[in-house]
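A quick write-up on the structure given underneath.
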Amino acid sequence: MKKIAFFDAKPYDRTWFDALGQNYDITYFEEKLNHHTAKFTDGFDAVCAFVNDRINALAVERLYQNGVQLIAMRCAGYSNVDVKAAYEKLHIVRVPAYSPHAVAEHTMGLLLTLNRRLHKAYGRTREFNFSIVGLTGVDLYSKTVGVIGTGKIGRAFIEVCRGFGMRVIAYDKFPLKDSGIEYVPLETLLRESDVISLHCPLNDESYHILDQNAFSLMKKGVFILNTSRGALIDSAALLDALNDGIVRGAGLDVYEEEANLFYEDRSDTIMRDDTLALLVSRPNVVLTAHQAFLTEEALHNIAEETVKNLDAFFSGAPLDNEICYLCDRDKAAHGCRKERKERCF
Ligand code: NAI
(Lines give C-alpha, C1' and ligand atoms only; values in the text may rest on other atoms or scores of the structure.)
Protein backbone atom coordinates (compact mmCIF):
# COMPACT_ATOMS: atom_id res chain seq x y z
CA MET A 1 0.00 0.00 0.00
CA LYS A 2 1.40 3.42 -0.93
CA LYS A 3 2.03 5.71 2.02
CA ILE A 4 0.57 9.20 1.98
CA ALA A 5 1.58 11.96 4.41
CA PHE A 6 -1.51 14.16 4.72
CA PHE A 7 -0.71 17.64 6.09
CA ASP A 8 -2.90 20.27 7.75
CA ALA A 9 -5.46 17.55 8.40
CA LYS A 10 -8.80 18.59 9.83
CA PRO A 11 -11.70 16.40 11.02
CA TYR A 12 -13.73 17.20 7.88
CA ASP A 13 -10.81 16.00 5.69
CA ARG A 14 -10.59 12.69 7.52
CA THR A 15 -14.29 12.01 7.08
CA TRP A 16 -13.98 11.97 3.31
CA PHE A 17 -10.45 10.59 2.87
CA ASP A 18 -11.10 7.71 5.30
CA ALA A 19 -14.15 6.81 3.23
CA LEU A 20 -12.64 7.20 -0.25
CA GLY A 21 -8.90 6.62 0.30
CA GLN A 22 -9.05 3.08 1.65
CA ASN A 23 -6.49 1.80 -0.86
CA TYR A 24 -3.83 4.05 0.65
CA ASP A 25 -2.01 4.07 3.97
CA ILE A 26 -2.75 7.66 5.00
CA THR A 27 -1.05 9.27 8.00
CA TYR A 28 -2.73 12.50 9.03
CA PHE A 29 -0.50 15.31 10.33
CA GLU A 30 -2.14 18.32 11.94
CA GLU A 31 0.96 20.38 11.12
CA LYS A 32 1.15 22.38 7.92
CA LEU A 33 3.72 21.21 5.42
CA ASN A 34 6.76 23.49 5.27
CA HIS A 35 10.54 23.13 5.16
CA HIS A 36 10.56 22.14 8.85
CA THR A 37 7.74 19.59 8.83
CA ALA A 38 8.93 18.06 5.53
CA LYS A 39 11.25 15.98 7.75
CA PHE A 40 8.25 13.83 8.78
CA THR A 41 7.95 12.41 5.27
CA ASP A 42 10.77 9.87 5.37
CA GLY A 43 9.40 6.65 3.87
CA PHE A 44 6.28 8.22 2.38
CA ASP A 45 5.48 7.96 -1.32
CA ALA A 46 3.38 11.10 -1.62
CA VAL A 47 2.28 14.13 0.36
CA CYS A 48 -1.20 15.61 0.31
CA ALA A 49 -1.25 19.36 0.95
CA PHE A 50 -3.62 22.30 1.09
CA VAL A 51 -3.75 26.05 0.52
CA ASN A 52 -1.70 27.26 3.48
CA ASP A 53 1.08 24.70 3.39
CA ARG A 54 4.32 26.39 2.32
CA ILE A 55 6.09 24.17 -0.12
CA ASN A 56 9.13 26.29 -0.92
CA ALA A 57 12.40 25.15 -2.52
CA LEU A 58 13.78 23.93 0.83
CA ALA A 59 10.64 21.88 1.51
CA VAL A 60 10.75 20.45 -2.02
CA GLU A 61 14.38 19.41 -1.55
CA ARG A 62 13.64 17.73 1.78
CA LEU A 63 10.67 15.84 0.31
CA TYR A 64 12.77 14.74 -2.65
CA GLN A 65 15.60 13.50 -0.42
CA ASN A 66 13.07 11.59 1.69
CA GLY A 67 11.91 9.68 -1.38
CA VAL A 68 8.56 11.42 -1.85
CA GLN A 69 7.55 11.31 -5.51
CA LEU A 70 4.32 13.28 -5.65
CA ILE A 71 2.76 16.41 -4.18
CA ALA A 72 -1.01 15.94 -4.35
CA MET A 73 -2.60 19.33 -3.75
CA ARG A 74 -6.18 18.89 -2.56
CA CYS A 75 -7.10 22.35 -3.85
CA ALA A 76 -7.16 24.30 -7.10
CA GLY A 77 -4.65 27.09 -6.38
CA TYR A 78 -0.93 26.28 -6.10
CA SER A 79 0.71 29.66 -5.54
CA ASN A 80 2.11 28.18 -2.30
CA VAL A 81 4.20 25.59 -4.15
CA ASP A 82 7.61 26.33 -5.69
CA VAL A 83 6.74 24.67 -8.98
CA LYS A 84 10.09 25.58 -10.51
CA ALA A 85 12.00 23.89 -7.67
CA ALA A 86 9.83 20.78 -8.00
CA TYR A 87 10.30 20.44 -11.75
CA GLU A 88 12.09 17.20 -12.63
CA LYS A 89 12.05 16.12 -8.98
CA LEU A 90 8.48 15.88 -7.75
CA HIS A 91 5.33 15.65 -9.78
CA ILE A 92 2.53 17.94 -8.64
CA VAL A 93 -1.17 17.29 -9.14
CA ARG A 94 -4.15 19.32 -8.00
CA VAL A 95 -7.94 19.34 -7.99
CA PRO A 96 -8.77 22.01 -10.57
CA ALA A 97 -12.49 22.15 -9.79
CA TYR A 98 -14.38 20.66 -6.89
CA SER A 99 -17.32 22.96 -6.59
CA PRO A 100 -17.17 26.36 -8.24
CA HIS A 101 -20.73 26.80 -6.98
CA ALA A 102 -19.62 26.48 -3.35
CA VAL A 103 -17.23 29.42 -3.75
CA ALA A 104 -19.63 31.47 -5.88
CA GLU A 105 -22.47 31.02 -3.40
CA HIS A 106 -20.24 31.97 -0.47
CA THR A 107 -19.16 35.09 -2.36
CA MET A 108 -22.78 36.14 -2.77
CA GLY A 109 -23.32 35.31 0.89
CA LEU A 110 -20.60 37.78 1.84
CA LEU A 111 -22.17 40.45 -0.36
CA LEU A 112 -25.65 39.93 1.07
CA THR A 113 -24.29 39.94 4.62
CA LEU A 114 -22.39 43.17 4.07
CA ASN A 115 -25.09 44.95 2.12
CA ARG A 116 -28.02 44.07 4.38
CA ARG A 117 -25.88 44.07 7.57
CA LEU A 118 -27.02 40.57 8.46
CA HIS A 119 -24.04 40.15 10.82
CA LYS A 120 -25.22 43.23 12.75
CA ALA A 121 -28.89 42.24 12.67
CA TYR A 122 -28.11 38.74 13.99
CA GLY A 123 -26.20 40.18 16.95
CA ARG A 124 -28.98 42.65 17.72
CA THR A 125 -31.92 40.27 17.68
CA ARG A 126 -30.06 37.79 19.90
CA GLU A 127 -30.11 40.52 22.53
CA PHE A 128 -33.76 41.37 21.77
CA ASN A 129 -32.63 44.63 20.21
CA PHE A 130 -35.17 44.99 17.42
CA SER A 131 -34.01 48.38 16.15
CA ILE A 132 -33.24 48.44 12.42
CA VAL A 133 -31.53 51.84 12.49
CA GLY A 134 -28.19 51.66 10.69
CA LEU A 135 -29.02 48.50 8.75
CA THR A 136 -30.01 50.17 5.44
CA GLY A 137 -28.64 48.48 2.33
CA VAL A 138 -29.06 49.04 -1.39
CA ASP A 139 -30.97 47.03 -4.02
CA LEU A 140 -28.52 44.81 -5.86
CA TYR A 141 -30.99 44.64 -8.75
CA SER A 142 -29.63 46.63 -11.74
CA LYS A 143 -26.32 47.39 -9.99
CA THR A 144 -23.10 46.71 -11.90
CA VAL A 145 -20.86 43.90 -10.71
CA GLY A 146 -17.31 43.70 -12.06
CA VAL A 147 -15.90 40.18 -12.09
CA ILE A 148 -12.11 39.83 -12.36
CA GLY A 149 -11.33 36.34 -13.66
CA THR A 150 -13.99 34.47 -15.61
CA GLY A 151 -12.88 30.89 -15.02
CA LYS A 152 -15.03 28.26 -13.38
CA ILE A 153 -15.77 30.19 -10.19
CA GLY A 154 -16.05 33.60 -11.87
CA ARG A 155 -18.63 32.22 -14.32
CA ALA A 156 -20.60 30.51 -11.54
CA PHE A 157 -20.65 33.83 -9.67
CA ILE A 158 -21.75 35.65 -12.82
CA GLU A 159 -24.76 33.30 -13.06
CA VAL A 160 -25.64 34.01 -9.42
CA CYS A 161 -25.41 37.77 -10.04
CA ARG A 162 -27.55 37.52 -13.17
CA GLY A 163 -30.14 35.78 -11.01
CA PHE A 164 -30.24 38.95 -8.93
CA GLY A 165 -30.81 41.07 -12.05
CA MET A 166 -27.38 42.68 -11.86
CA ARG A 167 -25.46 44.01 -14.85
CA VAL A 168 -22.25 42.02 -15.20
CA ILE A 169 -18.99 43.30 -16.67
CA ALA A 170 -15.76 41.35 -16.54
CA TYR A 171 -12.01 41.50 -16.99
CA ASP A 172 -9.86 38.49 -17.75
CA LYS A 173 -6.35 38.16 -19.11
CA PHE A 174 -7.73 35.53 -21.48
CA PRO A 175 -11.34 36.53 -22.28
CA LEU A 176 -13.61 33.71 -23.36
CA LYS A 177 -14.93 33.87 -26.91
CA ASP A 178 -18.69 33.69 -27.52
CA SER A 179 -19.41 33.51 -23.81
CA GLY A 180 -22.02 36.24 -23.71
CA ILE A 181 -19.89 37.98 -21.08
CA GLU A 182 -19.30 41.73 -21.51
CA TYR A 183 -15.52 42.09 -21.22
CA VAL A 184 -14.07 45.54 -20.49
CA PRO A 185 -10.55 46.81 -19.75
CA LEU A 186 -9.59 46.55 -16.06
CA GLU A 187 -9.69 50.32 -15.63
CA THR A 188 -13.26 50.51 -16.96
CA LEU A 189 -14.30 47.74 -14.60
CA LEU A 190 -12.75 49.60 -11.66
CA ARG A 191 -14.49 52.84 -12.60
CA GLU A 192 -17.97 51.45 -13.39
CA SER A 193 -18.57 48.70 -10.84
CA ASP A 194 -20.75 48.94 -7.75
CA VAL A 195 -19.42 45.55 -6.66
CA ILE A 196 -15.98 44.14 -7.55
CA SER A 197 -15.33 40.45 -7.08
CA LEU A 198 -11.97 38.72 -7.51
CA HIS A 199 -11.87 35.28 -9.13
CA CYS A 200 -8.45 35.14 -10.80
CA PRO A 201 -5.49 33.15 -9.51
CA LEU A 202 -2.57 34.79 -7.72
CA ASN A 203 0.40 35.20 -10.02
CA ASP A 204 3.06 37.84 -10.78
CA GLU A 205 0.59 39.89 -12.82
CA SER A 206 -2.33 39.70 -10.42
CA TYR A 207 -0.36 40.37 -7.21
CA HIS A 208 -2.00 43.43 -5.58
CA ILE A 209 -4.26 43.88 -8.61
CA LEU A 210 -6.33 45.98 -6.22
CA ASP A 211 -3.75 48.46 -4.94
CA GLN A 212 -3.91 52.12 -3.95
CA ASN A 213 -4.13 53.23 -7.57
CA ALA A 214 -6.95 50.78 -8.31
CA PHE A 215 -8.95 51.95 -5.27
CA SER A 216 -8.48 55.57 -6.36
CA LEU A 217 -10.29 54.80 -9.63
CA MET A 218 -13.31 53.14 -8.02
CA LYS A 219 -16.78 54.56 -7.49
CA LYS A 220 -17.40 55.81 -3.98
CA GLY A 221 -19.39 53.18 -2.13
CA VAL A 222 -18.12 50.10 -3.97
CA PHE A 223 -18.32 46.65 -2.36
CA ILE A 224 -15.13 44.54 -2.60
CA LEU A 225 -15.29 40.75 -2.52
CA ASN A 226 -12.28 38.45 -2.41
CA THR A 227 -12.74 34.70 -2.21
CA SER A 228 -9.69 34.01 -4.38
CA ARG A 229 -6.28 34.71 -2.83
CA GLY A 230 -5.36 37.31 -0.21
CA ALA A 231 -2.43 38.90 -2.00
CA LEU A 232 -4.67 40.01 -4.88
CA ILE A 233 -5.45 42.95 -2.58
CA ASP A 234 -3.01 45.33 -0.93
CA SER A 235 -4.59 45.13 2.53
CA ALA A 236 -3.17 48.47 3.71
CA ALA A 237 -4.65 50.19 0.64
CA LEU A 238 -7.99 48.49 1.32
CA LEU A 239 -7.95 49.83 4.88
CA ASP A 240 -7.33 53.34 3.57
CA ALA A 241 -10.17 52.96 1.05
CA LEU A 242 -12.50 51.76 3.83
CA ASN A 243 -11.47 54.72 5.99
CA ASP A 244 -12.03 57.16 3.10
CA GLY A 245 -15.50 55.72 2.39
CA ILE A 246 -14.51 54.62 -1.11
CA VAL A 247 -15.24 51.05 -0.11
CA ARG A 248 -18.69 50.61 1.44
CA GLY A 249 -17.96 47.09 2.55
CA ALA A 250 -15.39 44.33 2.08
CA GLY A 251 -16.20 40.63 2.13
CA LEU A 252 -13.00 38.65 2.48
CA ASP A 253 -12.54 34.90 2.63
CA VAL A 254 -8.78 35.23 2.16
CA TYR A 255 -6.06 37.47 3.57
CA GLU A 256 -2.55 37.98 2.28
CA GLU A 257 -0.92 36.94 5.56
CA GLU A 258 -3.37 34.16 6.36
CA ALA A 259 -0.93 31.25 6.15
CA ASN A 260 0.00 31.14 9.85
CA LEU A 261 -3.42 32.22 11.12
CA PHE A 262 -6.27 30.65 9.25
CA TYR A 263 -7.63 27.20 10.08
CA GLU A 264 -6.57 27.49 13.73
CA ASP A 265 -8.33 28.80 16.83
CA ARG A 266 -6.33 31.92 17.77
CA SER A 267 -8.99 33.36 20.05
CA ASP A 268 -6.84 33.25 23.19
CA THR A 269 -3.73 34.81 21.66
CA ILE A 270 -2.85 38.45 21.03
CA MET A 271 -3.40 39.35 17.37
CA ARG A 272 -0.06 40.83 16.33
CA ASP A 273 -1.07 41.44 12.72
CA ASP A 274 -2.21 45.05 13.03
CA THR A 275 -3.68 45.25 9.54
CA LEU A 276 -5.81 42.18 10.14
CA ALA A 277 -6.84 43.46 13.57
CA LEU A 278 -7.93 46.77 12.03
CA LEU A 279 -9.80 45.09 9.19
CA VAL A 280 -11.68 42.80 11.57
CA SER A 281 -12.57 45.76 13.80
CA ARG A 282 -14.40 47.50 10.96
CA PRO A 283 -18.18 46.98 11.08
CA ASN A 284 -18.28 46.95 7.29
CA VAL A 285 -15.74 44.14 6.88
CA VAL A 286 -16.91 40.55 6.98
CA LEU A 287 -14.05 38.08 7.16
CA THR A 288 -14.32 34.33 6.87
CA ALA A 289 -11.27 32.09 7.24
CA HIS A 290 -10.87 30.61 3.74
CA GLN A 291 -14.03 28.54 3.96
CA ALA A 292 -15.73 29.42 0.68
CA PHE A 293 -15.08 25.88 -0.57
CA LEU A 294 -16.50 24.22 2.54
CA THR A 295 -19.56 22.30 1.42
CA GLU A 296 -20.20 18.56 1.66
CA GLU A 297 -20.24 18.31 -2.12
CA ALA A 298 -16.87 20.06 -2.45
CA LEU A 299 -15.23 17.95 0.28
CA HIS A 300 -16.49 14.78 -1.40
CA ASN A 301 -15.21 15.92 -4.79
CA ILE A 302 -11.83 16.95 -3.35
CA ALA A 303 -11.29 13.51 -1.81
CA GLU A 304 -12.56 11.67 -4.89
CA GLU A 305 -10.42 13.64 -7.34
CA THR A 306 -7.31 13.48 -5.13
CA VAL A 307 -7.63 9.70 -4.89
CA LYS A 308 -8.04 9.56 -8.70
CA ASN A 309 -4.85 11.65 -9.04
CA LEU A 310 -2.98 9.26 -6.72
CA ASP A 311 -4.32 6.21 -8.61
CA ALA A 312 -3.22 7.70 -11.94
CA PHE A 313 0.23 8.55 -10.63
CA PHE A 314 1.00 5.21 -9.03
CA SER A 315 -0.41 3.19 -11.95
CA GLY A 316 1.75 5.10 -14.46
CA ALA A 317 -1.28 6.58 -16.24
CA PRO A 318 -1.25 10.11 -17.76
CA LEU A 319 -1.81 12.84 -15.18
CA ASP A 320 -4.68 15.04 -16.36
CA ASN A 321 -4.33 17.31 -13.35
CA GLU A 322 -0.57 17.72 -13.34
CA ILE A 323 0.91 21.18 -12.83
CA CYS A 324 3.83 21.85 -15.11
CA TYR A 325 6.41 24.54 -14.60
CA LEU A 326 7.26 24.74 -18.30
CA CYS A 327 3.63 24.87 -19.53
CA ASP A 328 2.74 27.49 -16.98
CA ARG A 329 5.62 29.65 -18.14
CA ASP A 330 5.47 29.32 -21.88
CA LYS A 331 3.25 26.65 -23.37
CA ALA A 332 3.83 27.77 -26.95
CA ALA A 333 7.61 27.49 -26.68
CA HIS A 334 7.77 24.08 -25.03
CA GLY A 335 4.61 22.36 -26.20
CA CYS A 336 2.43 20.65 -23.63
CA ARG A 337 3.38 17.08 -22.83
CA LYS A 338 0.20 16.70 -20.80
CA GLU A 339 -1.87 17.36 -23.93
CA ARG A 340 0.11 14.56 -25.60
CA LYS A 341 -0.95 12.35 -22.66
CA GLU A 342 2.61 12.35 -21.33
CA ARG A 343 3.85 13.40 -17.93
CA CYS A 344 5.46 16.78 -17.58
CA PHE A 345 8.90 15.21 -17.03
P1 NAI B 1 -9.87 29.04 -13.24
O2 NAI B 1 -8.50 28.63 -13.60
O3 NAI B 1 -11.03 28.26 -13.77
O4 NAI B 1 -10.09 30.58 -13.68
C5 NAI B 1 -9.18 31.59 -13.44
C6 NAI B 1 -9.42 32.70 -14.45
O7 NAI B 1 -8.56 33.81 -14.12
C8 NAI B 1 -9.09 32.29 -15.89
O9 NAI B 1 -10.15 32.65 -16.75
C10 NAI B 1 -7.82 33.07 -16.21
O11 NAI B 1 -7.71 33.42 -17.57
C12 NAI B 1 -7.99 34.30 -15.34
N13 NAI B 1 -6.73 34.99 -15.04
C14 NAI B 1 -5.50 34.46 -14.87
N15 NAI B 1 -4.60 35.43 -14.60
C16 NAI B 1 -5.30 36.59 -14.60
C17 NAI B 1 -4.93 37.95 -14.40
N18 NAI B 1 -3.66 38.30 -14.13
N19 NAI B 1 -5.88 38.89 -14.50
C20 NAI B 1 -7.17 38.53 -14.78
N21 NAI B 1 -7.57 37.28 -14.99
C22 NAI B 1 -6.65 36.31 -14.89
O23 NAI B 1 -9.90 29.10 -11.66
P24 NAI B 1 -11.17 28.94 -10.70
O25 NAI B 1 -11.43 27.51 -10.43
O26 NAI B 1 -12.27 29.79 -11.19
O27 NAI B 1 -10.58 29.55 -9.34
C28 NAI B 1 -10.23 30.91 -9.23
C29 NAI B 1 -9.45 31.12 -7.95
O30 NAI B 1 -10.32 30.88 -6.83
C31 NAI B 1 -8.29 30.11 -7.72
O32 NAI B 1 -7.12 30.55 -8.34
C33 NAI B 1 -8.16 30.12 -6.23
O34 NAI B 1 -7.20 31.09 -5.87
C35 NAI B 1 -9.53 30.57 -5.71
N36 NAI B 1 -10.21 29.54 -4.93
C37 NAI B 1 -10.64 29.86 -3.67
C38 NAI B 1 -11.32 28.96 -2.90
C39 NAI B 1 -11.82 29.31 -1.53
O40 NAI B 1 -12.23 28.43 -0.77
N41 NAI B 1 -11.82 30.59 -1.14
C42 NAI B 1 -11.58 27.60 -3.38
C43 NAI B 1 -11.14 27.37 -4.74
C44 NAI B 1 -10.46 28.31 -5.47
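The values are calculated or read from the model by the stated rules, or taken from the named source; none is laboratory data. Just so it is clear, the structure is predicted and the values come from calculations on it, not from any experiment. Cβ sites come from the backbone with ideal geometry, for glycine too, and all protein chains shown count toward neighbours. Side chains are part of the model used for accessible areas, which takes the heavy atoms of the whole protein and leaves out ligands, DNA and RNA. Shrake-Rupley method; radii C 1.70, N 1.55, O 1.52, S 1.80 Å.
Remarks
- Other residues within the sphere of radius under 12 Å centred on the Cβ of ALA277, judged by their own Cβ, net out at 0 (K and R +1, D and E -1).
- Cα centroid of the stretch 129-179 to Cα centroid of the stretch 187-230, whole Å: 13 Å
- Compactness of the stretch 100-287 as Cα Rg over 2.2 N^0.38 Å, two decimals: 1.02
- Student exercise, the chain dipole from Lys, Arg, Asp, Glu Cβ charges, in Debye to nearest 20: 560 debye
- Efficiency of FRET between PHE29 and ARG162 - r from beta-carbon atoms, R0 35 angstrom, step 0.05: 0.25
- Pairs of Cα atoms nearer than 8 Å and 6+ residues apart set the relative contact order; for the chain it is 16 percent.
- Site pair LEU118 and TYR183 shows an inter-label distance of 3.3 nm when each label is modelled 7 Å from Cα along Cα→Cβ.
- With the charge dipole of the chain set up from +1 on Lys and Arg Cβ and -1 on Asp and Glu Cβ about the Cα centre, the Cα lying farthest toward the positive end among the listed residues CYS48, LEU198, GLY21 is that of LEU198.
- Helix screen, the chain: DSSP H segments with Cα axial length of 18 Å or more and mean Kyte-Doolittle hydropathy at least -0.5 are 100-116, 296-315.
- Summarising the amide proton neighbourhood of ILE92: residues at separation of 5 or more, or on other chains, whose placed amide H is nearer than 5 Å comprise ILE71, ILE323.
- Solvent-accessible area per residue in the chain equals 49 Å², computed with a 1.4 angstrom probe and all protein chains kept.
- Rg/Rh, computed from the Cα trace of the stretch 252-295 with Rh as the Kirkwood radius, has the value 0.94.
- Spin-label proximity, ALA236 to the stretch 273-288 - amide N less than 14 Å from point 7 Å beyond Cα toward beta carbon: 274-276
- Per-residue extension of 0.36 nm, minus the Cα-Cα distance of ALA277 and LYS39, leaves a gain of 82.3 nm for this segment.
- Span per principal axis, largest first, for the Cα atoms of the stretch 268-333 (Å): 51, 36, 23
- Cα extents for the stretch 177-333 along the principal axes, largest to smallest and rounded to whole angstrom: 57, 48, 29.
- Theoretical FRET efficiency, 1/(1+(r/R0)^6), r = Cβ-Cβ of ARG343 and ASP139, R0 51 Å, to 0.05: 0.45
- Chain lengthening between GLU264 and PHE314 when straightened (0.36 nm per residue, less Cα-Cα): 14.7 nm
- On the principal axes of its alpha-carbon atoms, the stretch 36-187 has extents of 61, 49, 25 Å, going from largest to smallest.
- Relative counts (whole %) of C-alpha pair distances in the chain, using bins that are 20 Å wide: 29, 55, 16, 0
- Magnitude of the charge dipole, the stretch 100-287, Cβ model with Lys/Arg +1 and Asp/Glu -1, debye to 20: 840 debye
- A Förster radius of 45 Å, combined with the Cβ-Cβ distance separating ASP211 from GLU296, puts the computed FRET efficiency at roughly 0.75.
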